[in-house]
Each structure stands twice: as structure tokens, then as C-alpha cells.
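The values are calculated or read from the model by the stated rules, or taken from the named source; none is laboratory data. In this text the structure is predicted, and so the values were computed from the model without any measurement. Don't worry about glycine lacking a Cβ; one is built from the backbone with ideal geometry, like all the others, and counts go over all protein chains shown. Please note that ligands, DNA and RNA were not included when accessible areas were found on the heavy atoms of the full protein model with its side chains. Shrake-Rupley method; radii C 1.70, N 1.55, O 1.52, S 1.80 Å.
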Amino acid sequence: MNLEECIIRIYNVYFCNKLMWGEFDFWRILVEYFLDEADSIRIDCWNEEESIINKILSFSSSVDKESSERMTILTLPVNEKTVEQILYNAFDEKRRIKWFSLFLVRDGEVFFSSEHYGKEFSITGITKDELKWVKCVVPKNFIFHTY
């Protein structure tokens, strides 16, 4: 085995949908897969999205209204009730993602983000096989940048 075969390449990927809203079933698949690596979840909502904030407030372990004057930042633990809420109650009546941003956090660092209501994503520290899988799961109208 040569040195190159021993090195596992790690990739970061950013992908976005430049079109307006589309089908977001892939969102649940991505989040469920990467939730296994998360030790907490962060959700950012605009302050005026009070009904959305109130629906997830009971699941949060902390609420931050000070860091950003226009946003409410909720931190949620990764447990069965929270995961169920995130995966099965993430969409509004128009089938759009409810939250402005969702971040998956591991050891204090964000490694997965779904932002701008699911139009932009970034994932850090994934393998070549995971990158291929992500590209298969995400609709073809997304634009990918890998580094």
C-alpha cells in the first residue's frame, strides 16, 4: 500500500439552489444521516417568527436573543423527542422548511448547515464516499462547490 492509499481525503462542500422553492424531501434524508454525528442542534429564526419559535421552544436547552438583535437562536439537545420534532415537523403547510437556519454541532463546532430556509447547505469533514452520497441525494438543480 502506498502513502496515497493510506490518506483518507476529507472534503468540505457547499451547495445551493439558485431556483425558487422546490421539493425538499432530500432535506430530511441529509439531516437524519448527519444527526448521528451531532451532539447538539442550533436553530436560528427571525424574531418575528414567533409561532415557529414557540413550537420548538419547549425542546430547546438554551435560547439566545442577545447575539443577534433580529434573530432568536435556539440550542437543542440531540435526543429522541428533539430528533422526531426536527425530522417530522420541519416543513410548513407549503412544504418549505420552517427555520431560517439549522446547524448540527459536534464538539462545539458546526459541521452541517441548512440555511436560508434550505436553499444553501454546507458540510465539513466528509469523506469522498460521503460526498458522492450527498450528490446522489440532493436534487440535480443544486450547484456544488467542493474544497
* Would you check if S62 is of a type in the set (S, T, Y) and open to solvent by 40 Å² or more (accessible area, probe 1.4 Å)? => yes
* Asked: Which of the residues belonging to the range 129-142 are closer than 14 Å to C16 by Cα, modelled with pLDDT of 90 or more and loosely packed, with under 14 Cβ neighbours inside 10 Å?
  -> V137
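If you check I52 against the conditions, is it out of contact with any helix residue (DSSP H, G or I) (no Cβ under 7 Å at 6 or more places or on another chain) and touching a residue at least 24 places away in the same chain (Cβ under 8 Å)?
Numbers: out of contact with any helix residue (DSSP H, G or I) (no Cβ under 7 Å at 6 or more places or on another chain): yes; touching a residue at least 24 places away in the same chain (Cβ under 8 Å): yes.
The answer is yes for I52.
Residues are listed down the side, and each one gets a yes or a no for (1) more than 27 Å from N141 (Cα to Cα); (2) modelled with pLDDT under 90; (3) of a type in the set (F, W, Y):
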residue	(1), (2), (3)
K18	no, yes, no
Q85	yes, no, no
L102	no, no, no
F112	no, no, yes
I123	no, no, no
T127	no, no, no
* Of residues in the range 66-107 being of a type outside the set (V, I, T) and open to solvent by less than 10 Å² (accessible area, probe 1.4 Å), the one nearest to E37 (Cα to Cα) -> L104
* Asked: What number of residues in the range 112-124 are open to solvent by 40 Å² or more (accessible area, probe 1.4 Å) and either in contact with a His (Cβ under 9 Å, 6 or more places away or on another chain) or within 16 Å of D36 (Cα to Cα) (or both)?
  -> 1
